[in-house]
Amino acid sequence: MNTVLFVCVENACRSQLAEAIANAKFGDYLKAFSAGSNPAKIINPKAVSSLARKGIVLKNKRPKNVLAYEGHDFDFCVTMGCGDACPTFLSSVKIDWNIPDPKHMNDFEFDQIRDLIEKKIVEDLIK
């Protein structure tokens, strides 16, 4: 099973969506984690709602600092296109997804970003 770390600045939207989708839908292939360089205090409620609309329940999760994973090995390290600098993780393939930050989008647009993340997981990480 491959491991992946999804990274964005706040670890409140895109990287949380990616972690939850990867673990819920592709848990037979991936073990996903997420973190941010400047974590928010809470996960964006729109991310929680968007995942719920896909049948994925996100609870008891908090944004984490990417430094918590320093020294860990991952097969993949995926940044969300936010220009975020992250530590080097051993043995990881680095991938940058240029995904817009959905935090100020309406529900329809937010769900489109969620679905784009799922598509990219399939295209880039499930092989």
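The values are calculated or read from the model by the stated rules, or taken from the named source; none is laboratory data. All of these numbers come straight from a predicted model, not from anything done at the bench. Here Cβ is always computed from backbone atoms with ideal geometry, including for glycine, and neighbour counts include all displayed protein chains. Note: accessible area is taken over every heavy atom of the protein model, side chains too, but ligands, DNA and RNA are not part of it. Shrake-Rupley method; radii C 1.70, N 1.55, O 1.52, S 1.80 Å.
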Handout entry: Cα-projected label distance for Val93 with Phe108, points at 7 Å along beta-carbon direction, nm
Key = 3.6 nm
Practice task
Report, ordered by chain and residue number, the aspartates and glutamates lying within cross-link reach of Lys41, taken as a straight Cα distance under 14 Å and ignoring same-chain residues fewer than 8 apart.
Solution key: Glu10
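Carbon and sulfur atoms: what percent of the 1.4 Å accessible area of the chain do they account for?
Values: 3380 of 6530 Å².
With neighbouring chains kept in place, the figure for the chain is 52 percent.
Using 0.36 nm times the number of residues separating Lys59 and Lys119, minus their current alpha carbon distance, what extension gain do you get? Provide the component values of the computation, followed by the final result.
On the way: separation 60, 0.36 × 60 = 21.60 nm, distance 2.33 nm.
That works out to 19.3 nm of additional length.
To the nearest 20 debye, what charge dipole does region 16-127 have about its Cα centre, counting +1 at the Cβ of each Lys and Arg and -1 at the Cβ of each Asp and Glu?
Working: 16 positive and 15 negative charges, 96 e Å.
With only Lys, Arg, Asp and Glu charged at Cβ, the dipole is about 460 debye.
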Completion exercise
Placing +1 on each Lys and Arg Cβ and -1 on each Asp and Glu Cβ in the chain, then taking the dipole about the Cα centre, the residue among Cys8, Asn60, Ala22 whose Cα reaches farthest towards the positive end is Asn60
Completion exercise
Two pseudo-spin positions, 7 Å from Cα along C-beta at Asn23 and at Leu67, lie apart in nanometres by 2.3 nm
Exercise for the section: Would you mind getting the accessible area per residue of region 1-103, heavy atoms of the protein chains only, 1.4 Å probe, in Å²? Expected result: 49 Å²
Fill in the blank from the handout: Checking Ser34, Ser49, Ser15 against a Gaussian network model of the chain (alpha-carbon springs below 10 Å), the top fluctuating residue turns out to be Ser49
Handout entry: Reach of Lys127 by Cα under 27 Å, taken over lysines that are not fewer than 8 positions away in the same chain
Key = Lys25, Lys31, Lys54, Lys94, Lys119
Practice task
Excluding Ser50 itself, calculate the net charge of residues whose Cβ lies under 13 Å from the Cβ of Ser50, where each Lys or Arg counts +1 and each Asp or Glu counts -1.
Solution key: +1
